[in-house]
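Right, one structure below, let's go through it.
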Amino acid sequence: MTTDERKPIRRALISVWDKTGLEALAATLRRHGVEIVSTGSTAHQIEVTGSPVTRVEELTGFPETLDGRVKTLHPRVHAGLLADVRLDTHRAQLTELDIEPFDLLVSNLYPFTETVASGASMDECIEKIDIGGPAMVRAAAKNHANVAVVTSPADYHLIAAALESGGFSLGERRALAARAFADIADYDVAVANWCAQELAPAPAEGFAWPEYTGLGLWRGNVLRYGENPHQAAALYIDPVAAPGLARAQQLGGKEMSYNNYIDADAAWRTVHDFEGVHAAAVIKHANPCGIAISSVSIADAHAKAHACDPMSAYGGIIAVNSEVTAELAKQIAEIFTEVVVAPAYAPEAVEILTAKKNLRVLLAPAFRPNRVELRQVSGGMLVQTRDDFGAEGDDAANWRLATGELASEELLRDLEFAWGAIRAVKSNAILLAKDGASVGIGMGQVNRVDSCRLAISRAGDRAAGAVAASDAYFPFADGLQLLLDAGVTAVVQPGGSIRDEEVIAAAKAAGITLYLTGSRHFAH
Ligand SMILES: NC(=O)c1ncn([C@@H]2O[C@H](COP(=O)(O)O)[C@@H](O)[C@H]2O)c1NC=O
């Protein structure tokens, strides 16, 4: 059989939870003389529209029982779905058993994830684990040489088209089978993940890592290329994850690229680390060129972030945590920018930004972090809980003053800002800040001394009088000494080096304020 050869549809089995489009589908099937076999309420809904239906009980001679737990789980159903009618032996056995084969299965499953999401009880969730549906879908998908399987009302138009053209081709049945197996795999992953959380014994304390964890990812955009033009790439969406950048709406500009997504995600996360204040981040290659907050306006926050390193901000990605105003839009339009991400845009701002054809304008759902993050290593996946902000060491009230005077309110605000911003910087991270804005950032170096040098050189004159944050402890006094020589007046860092005394002594000798947080924020 060639992949184009069409197989007529004479007999269909329909058993659907989601009844969208069911009446129209039944009418189409009836018009083409297709016999319909169906279950409980699906059959009822078809019947009331006047289409004749054979109830599955008539076929099996067995009543739907146990509150619907057993409806289609019967050899007369499954033999009809699994018979390979290309084989004489299968045809002979069907005749002997008086079983008619099916040409089409239409089935979609109990809404398990929706039931879990509704906060239903464990028993209710368990009741919504579909058994008969996946069994039928698997059977028909396996037997796609003979049966077409459709698992979504969105695909009913394919059935109508197939009926018009003499049935589904083998190529079409193969594609439908692939989709059907993906659907039931996704369903089972959701059930397995839920069971791992709810049914496996919980530990007395701490985070329980399940023995198995599955990911069901669905292709979103196919991207023009990956990190480099010779790499192919696509964006996949996790429908059960909290919506984030992957589901942003693009209001204007060119197609998003792979690198755009990486940088936009970094920018989007960064601005969500600041609450109750306007925050802006300018990102390049997943590192900040500038981060700033402002109680005045979002345009002010962005102006301050941009001023940190205007050269690097060229071609950067900008994220803000409040509505893009016309004032901010005009400001951004002056700078060559690849992407803007925001939770809202004023209508005038949309006009200004979308007039720039190369600027991608993203309206993103609020960043709600996943509890765990994954990173691929060869042969596996590393999984960790997210580096949330809010640990004891992130609260300035818990910082230990290692040397120097207690910070004034103003100085403490800058230290807190610097500590909040340092998480966005890839280690070794050194961030100099003044007046709620980064003024020099050192990152991505394989030693802390070079990161200090980088931060100081980027800050220039602004280093004098700035505060500094370091994502992890200073292993020696050398890096800190560079910051002190540049005129930094206060430093916040985790502490915990075996040479802390040496580091503290250097700060003391310079007469600056040094706080130890007791916790670190590496980002590799
Ligand atoms: N148990 C069974 O034999 C069975 N067979 C089909 N179902 C499901 O029952 C639903 C349709 O039932 P109804 O036609 O009664 O609304 C479909 O979502 C289908 O996937 C079953 N239900 C759950 O497992």
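The values are calculated or read from the model by the stated rules, or taken from the named source; none is laboratory data. Only a predicted model underlies this, so the values are computations on that prediction, with no experimental measurement involved. Every residue, glycine among them, receives a Cβ derived from its backbone with ideal geometry; neighbour counts consider all protein chains shown. Ligands, DNA and RNA are excluded from the accessible area calculation, which covers all protein heavy atoms including side chains. Shrake-Rupley method; radii C 1.70, N 1.55, O 1.52, S 1.80 Å.
For Lys356, the solvent-accessible surface computed with a 1.4 Å probe is close to 80 Å², ligands and nucleic acids excluded. Within the accessible area of segment 340-483, the carbon and sulfur atoms contribute 50%, probe 1.4 Å, all protein chains present. Among the GluC sites (Glu not before Pro) in segment 1-57, those placed in a DSSP loop whose Cβ has at most 16 other Cβ atoms within 10 Å are Glu5.
Taking each DSSP H run with n ≥ 4 as -39500 (n - 2.57) and averaging over every residue of the chain yields -11000 deg cm²/dmol at 222 nm.
Looking at segment 161-249, which chymotrypsin sites (Phe, Trp or Tyr not before Pro) are DSSP coil and have at most 15 other C-beta atoms within 10 Å of their C-beta? The qualifying sites are Phe207, Tyr212, Tyr225. The residues packed around Ala396, meaning those with a beta-carbon under 12 Å from its beta-carbon, carry a net charge of -4 if Lys and Arg are +1 and Asp and Glu are -1.
When a/c is below 1.5 the answer is rounded, else prolate if a/b is larger than b/c, else oblate, so apply that to segment 148-257 with a ≥ b ≥ c taken from the square roots of the Cα gyration tensor eigenvalues.
Because a/c hits 1.5 or more and a/b fails to exceed b/c, segment 148-257 counts as oblate.
Surface composition of segment 59-180: carbon and sulfur make up 56 percent of the accessible area, probe 1.4 Å. When the surface is traced with a 1.4 Å probe over the full set of protein chains, Cys195 keeps roughly 40 Å² accessible. Our compactness index for segment 1-102, the C-alpha radius of gyration over the empirical 2.2 N^0.38 Å, is 1.15.
Ranking Ala396, Ala200, Ala346 by Cα position along the charge dipole of the chain, where only Lys, Arg, Asp and Glu carry charges on their C-beta atoms, puts Ala346 farthest toward the positive end.
For GluC sites (Glu not before Pro), the sites in segment 303-372 that DSSP calls loop and that have at most 10 other Cβ atoms within 10 Å are Glu334. Rounded if a/c is under 1.5, else prolate if a/b beats b/c, else oblate: with a ≥ b ≥ c from the C-alpha gyration tensor eigenvalues square-rooted, which is segment 28-83? Taking the square roots of the gyration eigenvalues as a ≥ b ≥ c, segment 28-83 is oblate. Put +1 on the Cβ of every Lys and Arg and -1 on every Asp and Glu Cβ in segment 1-116; which of Ala24, His74, Ser41 then has its Cα farthest towards the positive end of the dipole? About the Cα centre, the residue reaching furthest to the positive side is Ala24.
A straight Cα-to-Cα reach below 20 Å connects Lys7 with the lysines Lys142, residues fewer than 8 places away in its own chain not being considered.
Distance between the C-alpha centres of segment 388-412 and segment 149-200: 55 Å, rounded to the whole angstrom. Separation of segment 56-135 and segment 485-524, taken as the distance between their Cα centroids, equals 66 angstrom.
As a calculated quantity, the FRET efficiency between Asn370 and Val277 at R0 = 35 Å, using C-beta atoms, amounts to about 0.90.
Taking all protein chains together and rolling a 1.4 Å probe, His78 ends up with roughly 40 Å² accessible. Angle of helix 22-31 to the longest C-alpha principal axis of the chain, folded into 0 to 90 degrees and rounded to 10: 40°.
State the antiparallel share, in %, of DSSP beta bridges confined to the chain, rounding to the nearest 5.
55 percent
Computed from Cα positions, the angle between helix 448-459 and the longest principal axis of the chain comes to roughly 80 degrees.
Legend: P(r) of the chain from all alpha carbon pair distances, 10 Å bins from 0, whole percents, reading 4, 16, 20, 18, 16, 11, 9, 6, 2, 0. Compared with the dominant principal axis of the Cα atoms in the chain, helix 409-421 is inclined by about 40°.
Shape class for segment 417-524: rounded, because the ratio a/c of the largest to smallest gyration tensor axis (alpha-carbon atoms, square roots of eigenvalues) is under 1.5. Taking every protein chain into account, the accessible area of the chain amounts to 48 square angstrom per residue (probe 1.4 Å).
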